[in-house]
Amino acid sequence: MKILTVPILILLTMAASTVLAQPLKTIPYQARIEKADEYADRNNYASQLDELEEVYKERKDKSMLPLMAQLNYKLRDYGRAENLYKRIVDGDKKGTDIEARYMYGKMLKLNGKYQEAAEVLREVKNTDDDVYAPLAIMELKGILLAVSTDTVKQISVVPAGPKINTKSGEYSPTLYNNELYFTSTALAAGEEPGNTYLVKLLKSQRDKDGGWSKASEVDALISASSPAVGNVAFSQADQIMYLTKVTFDGEEVATSRVYYSKREGDAWTDPALVKGLPDSFIVKNPMPGELYGRDVLFFSSNAPGGRGGFDIFYATKISEGIFDSPVNLGSTVNTAGDEITPFYKEGKLVYATDGLPSYGGFDLYSTEWNGTSWSTPANMGPGFNSPADDMYYTIDEEGYEGLLVSNRVGTTSLRGKTCCDDIFTFSIAKPVVELEVYVLDENKPLRHGELSIMEQFKPETKVTEGKDDTYHFSYELDINKGYFIKVTRIGFFPDSLYVKTTGIKEDSTMIVKINLKPKPEVEVISINQPIRLNNIYYNYNDAKILKAAMPDLDYLYELMQQYPDMVIELSSHTDARGNDEFNMKLSQRRADSAMNYLLAKGIAPERIQAVGYGESMLLNNCGNDVKCSEEEHQLNRRTEFKIISGPTNIEIKKQITRERGKIIDTKTIKEK
C-alpha cells in the first residue's frame, strides 16, 4: 500500500511565512527543516523524525502530524504512531481524512487493541472508499481471526535472551548441526542512525541450561560488513550455506543477491554468487527445498512476474551454484501484498505475508505441497503470530522446537516497544501418547502380572511394574520412538510385543491386550503300573508303526536290556470309532507290530506278551457316538507296557500335564 506523505516543501513554506514574526529563531528552525530534508533523501527515517519532532516542539503545527505519524509507523513505533493518528482523526471534524482514519485503526490493531480497532475500521469500511474500504475489510478479517481462533496446540514463545538479542535487531535464525546461525545489525562506530549499518553473521551453541550461549562471529570472509550478510539458510545434504549480501540506502535495502558457501572441514569457503537468479532486483530469504523430485531454491523477490511487492519464487537446481529460471509460486501463495521468509520442510512451506488476514502486520502462514499444487494457506495461529510482525519461522528436525523473528512487545528496542526485531524461541507441546496395557487370560482379566517397558536402543530406560490388584497398566510414551513391552506372570508363559509412536501428530491412546497362555502343571510320580509310551500312536484303521514311535520303542528295548529277567505285557488300544470286534482285532495287530519291532532288535519272544484291548480302556470320554476331535481320539490310540515278572523295584517317572486343571497329556520321562 502506498501511504501519502506530507512534503518537506510544506514545512519550508511554513517556515518562510514566520520569518518576520520570529527572526531570532528562523536560522535554527530552517536548519532543522533542511536537515530533515537531507535525511529524507537518504532514507534515514529515524534522524528525519528526530529533526521534525524538534521543529514540532517549537511550532506545534498540526500539518506536520501526518508525516511524523507515517515515520513512526515506518520505524514501527506503533504506540507513538497511534497517538499521532488519533490526534489527526480527532482534528478531522468533517471526517474526510479516510487515510488517517484507516491508519489509526491499523495502529490500534498493531497494538493489540482489537475492539477499538474494529470500531474505527468499520467506519472506514462503510465509506466505500475505493482504496481504504477494501484494506479496512482485510484488517477486520484479521481481527476476527485473532479473536476467534482457539489454540489448537500449546505453544510457548519466549525471547532467545540477551546473549542473542540486542537493541538493534536480529534476523534470519536457522539451525545447522545443533548450532544457531543468525544475522544481527549494529551501527558502525560513531555513525548516526540510518547511516552505515554493520550486519554480521553470528552463531551460538546450546548452553548447559538448554538456552543459547553468547554468540560469536562466523568466518570473516562470510561476515565482511560490505556488502553485509542479510539472510542465511543451509542445505544439510550438500553442506552448503546460502546467504544474501546486501547494501543499504539509508534504512532501505538497496541491493540483495544470493551467494553460496561450501563447508570444508571446520570452515566455509569464500562465498560465490548463485547464478540464474534475478540480478537487477532484490532477491532475499533463500531456502533450499524440493519440488517434483528436484532440488530447488525458494526465495523472495520483487522481480517481475509477481502479484505484489515481494513474491515467493523457486528455481530448480542445475548444478552446484547454478539454477534454472525462477518460477513464481502462483496466486495460491502470493498476494497483492508481500510474501517473505519462506521455510520449507517435508512438503510444508511456512512464510510471512501481509497480504492475507493477520493478527497484526506480517503473519506466519503455512501451505502444503501435494506433488502438483499448494494447499490453501492456513494461518499458523496464536503464539506464532502476534499483533506485531512475525516472520523467519524455522524448526528443528523433530518438529517441536524452533525459532521465529518478531517485533512484538517484549523485544529489546531502540525506539518504543516494537521498533526492532528480536529472535524468539518456541516450543510446541508434544502429543501425549497414553499406553493402556490389559493383561488377560482368554480375554478375561489376569491379575498379579508384571509389566516391563523398554525403549528401543536404550535398554537402561527399562521400567518394570507389578501390581497384585490390577490387570490394567497405564504409561505415557514419548513420540517418534519404539518400545518393547513384556508381560510375565507365575504359571503363564511370558509374552512380548513391540509398539512405535512414529508419525503421531495428536494426543492419542494406544490400547494393547495381551492374552497370556498358561504353563502346564507338571506332576512327577513313581509307579509300578501300566506305563504309556509317549509317541506310539497309529493312524486311523492302521497298525503300522509310525516313524515317530521308534524312539519310544528303542527306550523300551534299552530297559529290557538293562533288566534281562523282566517280562512285560505290551498292550495296544484303539479309539471308540468302529465296532467292538473290529477294534479288538485292530488293537491286537498293533500290539503285535510293536512286539515284532522289539523282537527284530533281539528281545526273546518269551519276554513279551502282546495283548490288544480294543476300545475297552479309553482315557477320556470319547466313547461310542460321542463327538470328539482327532486329537482326543488319538489319545486313546496308544501302546503301553507293564511288568508281569522280574524286578519289582524298577522306577519309571511319568509327567502329567494339566492346563487350567484339565489333564491334557501324560508322558514317560526317560532317565539320563
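The values are calculated or read from the model by the stated rules, or taken from the named source; none is laboratory data. What you see is a predicted model, and the numbers here were worked out from it, not measured in a lab. Glycine gets a Cβ as well: all are built from the backbone with ideal geometry, and neighbour counts include every protein chain shown.
Can you name the residue in the range 78-95 that is within 30 Å of Thr411 (Cα to Cα), in contact (Cβ under 8 Å) with a residue 12 or more places away in the chain and of a type outside the set (A, V, I, L, M) and is also surrounded by the most Cβ atoms within 10 Å (Cβ to Cβ) among such residues?
So, considering only residues that are within 30 Å of Thr411 (Cα to Cα), in contact (Cβ under 8 Å) with a residue 12 or more places away in the chain and of a type outside the set (A, V, I, L, M), the one surrounded by the most Cβ atoms within 10 Å (Cβ to Cβ) is Tyr85.
Please work out if Glu465 is at negative phi, exposed (fewer than 15 other Cβ atoms within 10 Å of the Cβ) and not assigned by TED's automatic domain parsing to the domain that holds Pro494.
Judged against the criteria, Glu465 is not a match.
Identify all residues within the range 287-303 that are within 14 Å of Tyr344 (Cβ to Cβ) and part of a strand (DSSP E or B); write none if there are none.
Met287, Pro288, Gly289, Glu290, Leu291, Arg294, Asp295, Val296, Leu297, Phe298, Phe299, Ser300
Any residue in the range 60-76 that is within 13 Å of Arg87 (Cα to Cα) sitting within a Cβ distance under 7 Å of a residue that is among the acidic types (Asp, Glu) and in a helix (DSSP H, G or I)? List the pairs, counting only those 6 or more apart or interchain.
From residues that are within 13 Å of Arg87 (Cα to Cα), the pairs are Met68/Glu53.
Results for (1) loosely packed, with under 15 Cβ neighbours inside 10 Å; (2) within 31 Å of the chain's Cα centre (by Cα), shown as yes or no for each residue.
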| position | (1), (2) |
| --- | --- |
| Glu264 | yes, yes |
| Ala272 | yes, no |
| Phe281 | no, no |
| Asn285 | no, yes |
| Gly289 | no, yes |
| Val296 | no, yes |
| Ile312 | no, yes |
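Whether any residue in the range 18-36 is assigned by TED's automatic domain parsing to the domain that holds Ile143, surrounded by 21 or more Cβ atoms within 10 Å (Cβ to Cβ) and either under 19 Å from Arg415 (Cβ atoms) or at pLDDT 95 or above (or both) is what I want to check.
Checking the range 18-36: at least one residue is assigned by TED's automatic domain parsing to the domain that holds Ile143, surrounded by 21 or more Cβ atoms within 10 Å (Cβ to Cβ) and either under 19 Å from Arg415 (Cβ atoms) or at pLDDT 95 or above (or both).
Going by the conditions given, is Thr353 among the β-branched types (Val, Ile, Thr), on the phi > 0 side of the Ramachandran plot and not assigned by TED's automatic domain parsing to the domain that holds Lys106?
When the stated conditions are applied, Thr353 does not pass them.
Within the range 126-138, how many residues are closer than 18 Å to Leu110 by Cβ and either free of Cβ contacts under 8 Å to residues at least 60 places away in the same chain or assigned by TED's automatic domain parsing to the domain that holds Pro357 (or both)?
3
What's the total number of residues in the range 498-512 that are among the β-branched types (Val, Ile, Thr), part of a strand (DSSP E or B) and surrounded by 10 or more Cβ atoms within 10 Å (Cβ to Cβ)?
3
Please find, within the range 385-420, the residue that is nearest to the chain's Cα centre (by Cα) out of those that are assigned to a loop (DSSP other than H, G, I, E, B) and hydroxyl-bearing (Ser, Thr, Tyr).
Filtering the range 385-420 for residues that are assigned to a loop (DSSP other than H, G, I, E, B) and hydroxyl-bearing (Ser, Thr, Tyr), the one nearest to the chain's Cα centre (by Cα) comes out as Tyr400.
So that you can scan it fast, the table gives a plain yes or no per residue for (1) among the aromatic types (Phe, Trp, Tyr); (2) surrounded by 14 or more Cβ atoms within 10 Å (Cβ to Cβ):
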| site | (1), (2) |
| --- | --- |
| Thr411 | no, yes |
| Leu414 | no, yes |
| Asp421 | no, yes |
| Glu436 | no, no |
| Asp441 | no, yes |
| Glu450 | no, yes |
| Phe457 | yes, no |
| Thr470 | no, yes |
